[in-house]
Amino acid sequence: MTSGAAKGPKKANLLDPHAIKHVLDESVNEIVTGKGYGEDFRLSNVRLLIGTVIIGIALLAQFHNKKFPENRNFLITCIISYPFFYVILNGILQFISYTKEKNAILFTYPPAGSFNSTGLTVSSKLPRFSDMYTLTVASADPKSISANKTVEFTKSVTKVDKSLVYVVLASFVMISLSDALFTKDGILVEGLFWKDVERLIDDYNDDRKSK
């Protein structure tokens, strides 16, 4: 099993759900890409491009080489076009966020040499005032003939499944039975979490190995 322990323990403030989710999501990204799934940045690039266009219009108006009033018509054009582009392009961003990204934390390409022609969409949720972290693995193209069934697990970040304590002990990580993915000091129990995520990916690929 691949592990990020060599990079040092990952720690989160257990009173900050955003920090907890960030640490877990970051680890998920490492685990998935470590299994050969290349990250797909296309949606991120589209967002950056749209943002660049909006900023570019504002900069063009600000630093045009002619001074007022010579640049009056140019400024009027920029002032009129900016809200138009902002509304349209921002609408596109919102559409992408609502239809594609949602709770997604990672989009991938299929692994090299894989018979599957689609990558993964990996999503996560940690609702406010909840200790239940849900991780979902789905096809990046649900309509594809090679898309597999969506799989997910939900796990408490503060309670441990006693049947899995041996996994933690085998990794030489000492925790109390009131802890789950994090120790009482906020350190991520990577051996346990990595095992869960790798099992979920194997479930998605219908290729779970006997542990």
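The values are calculated or read from the model by the stated rules, or taken from the named source; none is laboratory data. Keep in mind the model is a prediction, meaning the values are calculated, not measured. Neighbour counts run over all protein chains shown; Cβ positions are idealised from the backbone, glycine included. Side chains included, ligands, DNA and RNA excluded: accessible areas come from the protein's heavy atoms. Shrake-Rupley method; radii C 1.70, N 1.55, O 1.52, S 1.80 Å.
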Given region 3-59 reduced to its alpha-carbon atoms as identical point scatterers, what log10 I(q)/I(0) does the Debye formula return at q = 0.18, 0.20, 0.21 Å⁻¹? -0.80, -0.85, -0.87
Assign one of three labels to region 99-155, namely rounded, prolate or oblate, based on the Cα gyration tensor with a ≥ b ≥ c the square roots of its eigenvalues; rounded applies when a/c is under 1.5, prolate when it is not and a/b is larger than b/c, and oblate otherwise. prolate
At 1.4 Å probe size, with every protein chain present, just tell me what the per residue accessible area of region 73-120 comes to in Å². 68
Please compare each pair in 100/143; 143/195; 155/184; 10/100; 35/143; 10/125 to a cut-off of 22 Å on the Cα-Cα distance and tell me which ones are over it. 143/195; 10/100; 35/143
What order do you get for 140-148, 113-121, 188-196 when each peptide is scored by the mean count of other beta carbon atoms within 10 Å, highest first? 188-196, 113-121, 140-148
